[in-house]
1. Remind me, relative contact order of the chain in percent, using alpha carbon pairs under 8 angstrom and six or more residues apart?
2. Quick check: from the Cα gyration tensor, does the chain come out rounded (a/c under 1.5), prolate or oblate?
3. What aspartates and glutamates does K21 reach when the alpha-carbon gap must be under 19 Å and sequence neighbours fewer than 8 apart in one chain are set aside?
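Nothing in this text is a laboratory measurement; each read-out follows from the coordinates by a stated rule. Please read these numbers as outputs of a predicted model, since none were measured by experiment.
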Amino acid sequence: MAVSPGRAGRLESHQRNEKWKLAPFRIEMDECINCDACLRACPPQLGAIFNHGIDVIIIPELCSGCGKCLDPCPVDCIYEDPEWKPASEDWWTAPDFDDPYK
């Protein structure tokens, strides 16, 4: 199935852009201090980072692996996730209710 271009297409299809060669990132919540610096640093055209309950999450299908979230993180709790798995269905509700780019 061809994915529509852009963030909207990835939101609709729940698929990562197949052209992205870099692994997505993940947040280690045991280390995270919930400062949201990463959320603010994520480029709007990706919009991969969300507050989800008390956690801050990176939806791997939306993360290009650009690394713009790494430097702003004061506790270095964001890691490359080369063996990533698709986001759980409940994570996909985060863009509907907590989309900082709407």
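1. Relative contact order here is 33 percent.
2. Prolate shape, in that a/c is at least 1.5 and a/b is the bigger ratio.
3. E61, E80, D81, E83
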